[in-house]
Amino acid sequence: MAEVRIEGLTKRFPGGVQAVDDLDLDIEDGEFFSLLGPSGCGKTTLLRSIAGLETPTAGRISIGEQDVTRIPPGERDVAMVFQDYALYPHMEVVDNIAYPLKVRKHSKSDRHRRAGEAAESLSLGELLNRRPAALSGGQQQRVAVARAVAHEPSVFLFDEPLSNLDARLRLEARTFLKRLQGDLGVSTVYVTHDQSEALALSDRMAVMKDGRIRQIGAPEEVFSRPTDLFVASFIGSVPMNLLASTTTADGGLELAGQRVPVPGPYEGMLEPNRSVTFGARPEHGSLTPPDTPGAMTGLAVVAELLGTEHLVTVECGDVMVRVVTSDPPTPGEPVGVRFEEAWVLLFDTEDEQLIRREPAAAGDVRSTG
Amino acid sequence: MSAPTRRHEPVRPAAPPARVVVRAVVGRIGFYAFVAVAGLFFAVPMLWLVLAPFDATPGLAAEIPSSVTLDNFRAVLENPFALRSLWNSLLLSVITTLLIIAAAALSAYALSRVRIPGRDLMLYVLLLFSAVVTGTAAMVPIFRLVFELGLINRHVGVVLVLAGGLLPAGVFILKDFMDGLPRSYEESALVAGASSFQVLRDIVTPVVRPGLAVIGVWALVQVWGDFLVPFILLRDPNLSPAAVVMFNFYTEGGTANIPLLAAFSLLYTLPVVALYLFVNRRYGFRFYGGIKS
């Protein structure tokens, strides 16, 4: 068990692609840490650099007290679970799980005991003598995890381990991974492009784009207070409403040709005529009768059932606003839309940053509020 | 006339014109006739190979033996060169094959994993020219080369020339198998702490084993059946492989010794057939890479 410290890490591939750009990151001992971002954002390169499968162009990586920047993957005491699981097709499950132990010259009885224990804890006990090809996707995934667990490393590295599972299994595997990590208390770095996975699993998470970290923090915080427009648009199963808006001279906001009050937390912070982006999650909105003061008015166009609630799309002038409600209007009905002021975020349209009372210091991506 | 074909044809909205049907039928008949003749063309020598060795007086025609005998095989056993030549053939083909498998596996792995500009072009060019190396056209320079190296009349000369000629095709086939091996297999072994050698031994080799089997059998058959290279590079009949020795089976009268040839041919063929059956059962032949999952 160990913390992972990354300082000034840069990785430039031959051909000029800069996958990771001067990145600093501390992952604490025992923490479940997710790297989230769209494809090509550098999250996998960062993970592979920690594993030692990529050699950094610049910067340092240390695991525990040891600087591992230049030491080979096998000596870093990490275990990695690959997206395709990388189970060896010619070995039985037990040998797959025990392979890292075999390489490390554990005795055969020790190997089999530990592989058996790991398999048992992941309910794979019945499958020890099967070949990977004879397992279902979910079982293969658990074998890959068992291989990492049996090895008892200081750090787990997961590279999108759930993305090859179907939706239902993914949910199951997610729960079980979180529980497993909690029981073992091993520091974990988890790469995913699925924001719901990162929110569900992480103690802390980092949102990456173009080789840099855009925001880092607890999932609740990243969800409720994204610090820039990219994070705001990336996080959330139902995307956040991001509406172009302008402050007015009388201390209000002009939004889709309508006037709404500036949300409470921002009162007195905004000069008139400033372009801002109004950000509000559909979950924080509610429907009101049309022409309620302080609410936007529009026509309900679509209501989609989410399960217990409905996602209603309201057309206000030429913008679409989404609201989650348990009482959907009939399409075509005029409605008012209002968002809880405490949850509304305003972003500067020009630099795309969240507008705060005290501007964040330049380059301070680690501010955790 | 159209009745027999209608059964095989899917139901169509309108029956095709009679002329089209006639043409299709004639085409089919022509095709089967051609296949039958071609098949016969290959089957008759096979039939000879199976029947002649047991015939007391074999000729060049494939015919049911008038009197069945095993004397022809006794003649083979008594011939001073016959058994020795089979042993030579075995030695040459096994050693060449092992050399090809080892060298092709390593170079195919490297070529599959390392990006070199012009790699694929190089492979195609090598493949093209390799046909020349073991071909007739290059025999004079190859003879000179082997002569200068002092390898004339030694098995090692034959092994090197044949291995060199067959390697590019072997690398070519095997590279496809290597390309089909996901990198994550090796990476996961590396993270587990395996050395490059362990990765090769524990992961890569077992996974591409069907590919190794394919080029192994292919190389073995090529060397086993090769006549020209050992014929030119080996002077001593005691060193000659079966393919060359068979060429020298004459009677005292100076005509081809057909009883001896027939029996020897069968003995010469059986190992290859047995090998094919064995490998096919064990690994299954496939000439492409990829992981079954």
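The values are calculated or read from the model by the stated rules, or taken from the named source; none is laboratory data. Small disclaimer: the values here were computed from a predicted structure and weren't measured. Cβ coordinates were reconstructed from backbone atoms using ideal geometry, including for glycine residues, and neighbour counts include every protein chain displayed. The accessibility values were calculated without ligands, DNA or RNA, using every heavy atom of the protein model including side chains. Shrake-Rupley method; radii C 1.70, N 1.55, O 1.52, S 1.80 Å.
Residue under question is A:SER237, and the condition is that it be modelled with pLDDT of 90 or more and of a type in the set (Ser, Thr, Tyr); does it hold? Lay out the reasoning, then the answer.
Working: modelled with pLDDT of 90 or more: no; of a type in the set (Ser, Thr, Tyr): yes.
Spelling it out, it is not the case that A:SER237 is modelled with pLDDT of 90 or more and of a type in the set (Ser, Thr, Tyr).
Can you pull out the helices (runs of 4 or more DSSP H) entirely within segment B:116-198 that have at least 2 residues that are out of contact with any Leu (no Cβ under 6 Å at 6 or more places or on another chain), within 14 Å of another protein chain (Cβ to nearest Cβ) and modelled with pLDDT of 90 or more? Walk me through how you get there before you give the answer.
Numbers: elements: B:119-133, B:139-148, B:155-179, B:183-192.
Here the list reads B:183-192.
Hey, can you tell me all the residues within segment B:222-236 that are open to solvent by 60 Å² or more (accessible area, probe 1.4 Å) and in contact with a helix residue (DSSP H, G or I) (Cβ under 9 Å, 6 or more places away or on another chain)? Full working, then the answer.
Of segment B:222-236, the ones open to solvent by 60 Å² or more (accessible area, probe 1.4 Å) are B:222, B:227, B:231, B:235.
Matches in segment B:222-236: B:GLN222, B:PHE227, B:PHE231.
Looking at (1) open to solvent by 50 Å² or more (accessible area, probe 1.4 Å); (2) in contact with an Asp or Glu (Cβ under 6 Å, 6 or more places away or on another chain), which is the only condition A:HIS284 fails?
Here A:HIS284 clears every test but (1).
Take the residues in segment B:55-87 that are small (Gly, Ala, Ser) and buried (at least 19 other Cβ atoms within 10 Å of the Cβ), then tell me which one is nearest to the chain's Cα centre (by Cα). Talk me through it step by step, then tell me what you get.
Narrowing segment B:55-87 to residues small (Gly, Ala, Ser): B:56, B:59, B:61-62, B:66-67, B:75, B:82, B:85.
Add one more test, that the residue is buried (at least 19 other Cβ atoms within 10 Å of the Cβ), and what stays is B:82, B:85.
Working: B:ALA82: 22, B:SER85: 19 Å.
The qualifying residue nearest to the chain's Cα centre (by Cα) is B:SER85.
Which condition from (1) crowded, with 20+ Cβ neighbours inside 10 Å; (2) within 21 Å of A:SER245 (Cβ to Cβ) is the one that A:PRO328 breaks?
Every listed condition holds for A:PRO328 apart from (2).
Can you tell me which residues in segment A:67-98 are in contact (Cβ under 8 Å) with a residue 24 or more places away in the chain, open to solvent by 50 Å² or more (accessible area, probe 1.4 Å) and more than 10 Å from chain B (Cβ to nearest Cβ)?
A:GLU92 - this is the single residue of segment A:67-98 that is in contact (Cβ under 8 Å) with a residue 24 or more places away in the chain, open to solvent by 50 Å² or more (accessible area, probe 1.4 Å) and more than 10 Å from chain B (Cβ to nearest Cβ).
Name every residue in segment B:208-241 that is touching a Phe, Trp or Tyr at 6+ places or on another chain (Cβ under 7 Å) and within 14 Å of another protein chain (Cβ to nearest Cβ), in order of residue number.
B:VAL208, B:ARG209, B:PRO210, B:GLY211, B:ALA213
Which ones in segment A:48-66 are within 11 Å of chain B (Cβ to nearest Cβ) and not β-branched (Val, Ile, Thr)?
Step one: of segment A:48-66, the residues within 11 Å of chain B (Cβ to nearest Cβ) are A:48, A:50-54.
Passing the criteria: A:ARG48, A:ALA51, A:GLY52, A:LEU53, A:GLU54.
What residue, of A:ALA148, A:ALA134, A:ALA144, is of a type in the set (A, V, I, L, M, F, W, C) and free of Cβ contacts under 8 Å to residues at least 12 places away in the same chain? Can you show your working first?
Working: A:ALA148 fails: free of Cβ contacts under 8 Å to residues at least 12 places away in the same chain; A:ALA144 fails: free of Cβ contacts under 8 Å to residues at least 12 places away in the same chain.
The unique qualifying residue is A:ALA134.
With respect to the numbered conditions (1) free of Cβ contacts under 8 Å to residues at least 40 places away in the same chain; (2) out of contact with any Lys or Arg (no Cβ under 6 Å at 6 or more places or on another chain); (3) farther than 28 Å from A:GLU65 by Cβ, which one is the sole condition not fulfilled by A:LEU184?
Just one mismatch for A:LEU184, condition (3).
Within segment A:234-288, considering only strands (runs of 3 or more DSSP E) that don't extend past its boundaries, which have at least 3 residues that are on the phi < 0 side of the Ramachandran plot and over 32 Å from the mean Cα position of the chain (by Cα)?
A:258-261
Among the helices (runs of 4 or more DSSP H) contained in segment B:225-293, which hold 2 or more residues that are more than 26 Å from B:GLY135 (Cβ to Cβ) and modelled with pLDDT of 85 or more?
Working: elements: B:228-233, B:242-245, B:258-282.
Qualifying helices (runs of 4 or more DSSP H): B:258-282.
Looking only at segment A:201-248, how many residues end up being closer than 27 Å to A:LEU9 by Cβ, open to solvent by 20 Å² or more (accessible area, probe 1.4 Å) and of a type in the set (Gly, Ala, Ser)?
The qualifying residues number 2.
So which of A:GLY317, A:GLY336, A:GLY294, A:GLY307 is more than 30 Å from the chain's Cα centre (by Cα) and at pLDDT 85 or above? Step through it out loud before you land on a result.
Numbers: A:GLY317 fails: at pLDDT 85 or above; A:GLY294 fails: at pLDDT 85 or above; A:GLY307 fails: more than 30 Å from the chain's Cα centre (by Cα).
A:GLY336 is the lone residue from the list that is more than 30 Å from the chain's Cα centre (by Cα) and at pLDDT 85 or above.
Determine which single condition B:SER107 fails, assuming it passes every other condition in (1) crowded, with 20+ Cβ neighbours inside 10 Å; (2) closer than 30 Å to B:LEU239 by Cβ; (3) polar (S, T, N, Q).
Every listed condition holds for B:SER107 apart from (1).
Quick check on my filter: what residues within segment A:129-148 are more than 10 Å from A:TYR85 (Cα to Cα), more than 10 Å from chain B (Cβ to nearest Cβ) and buried (at least 24 other Cβ atoms within 10 Å of the Cβ)?
The answer is A:ALA146, and nothing else.
Let's see how each residue does on (1) open to solvent by 10 Å² or more (accessible area, probe 1.4 Å); (2) of a type in the set (S, T, N, Q); (3) under 30 Å from A:GLY74 (Cα atoms):
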site	(1), (2), (3)
B:LEU151	yes, no, no
B:ARG201	yes, no, yes
B:ALA242	no, no, no
B:ASN257	yes, yes, no
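So which of A:LEU46, A:LEU53, A:LEU25, A:LEU35 is open to solvent by less than 40 Å² (accessible area, probe 1.4 Å) and part of a loop (DSSP other than H, G, I, E, B)? I'd like the intermediate steps shown before the answer.
Details: A:LEU46 fails: part of a loop (DSSP other than H, G, I, E, B); A:LEU25 fails: part of a loop (DSSP other than H, G, I, E, B); A:LEU35 fails: part of a loop (DSSP other than H, G, I, E, B).
Only one candidate passes the filter, namely A:LEU53.
Go through (1) under 19 Å from B:LEU261 (Cα atoms); (2) open to solvent by less than 40 Å² (accessible area, probe 1.4 Å) for B:VAL25 and report which single condition fails.
Of everything listed in (1) under 19 Å from B:LEU261 (Cα atoms); (2) open to solvent by less than 40 Å² (accessible area, probe 1.4 Å), B:VAL25 misses just condition (1).
Taking A:HIS112 as the residue in question, decide whether it is at the interface with another protein chain (Cβ under 8 Å from one of its Cβ atoms) and out of contact with any strand residue (DSSP E or B) (no Cβ under 6 Å at 6 or more places or on another chain). Steps first, answer last, please.
Working: at the interface with another protein chain (Cβ under 8 Å from one of its Cβ atoms): no; out of contact with any strand residue (DSSP E or B) (no Cβ under 6 Å at 6 or more places or on another chain): yes.
In short, no.
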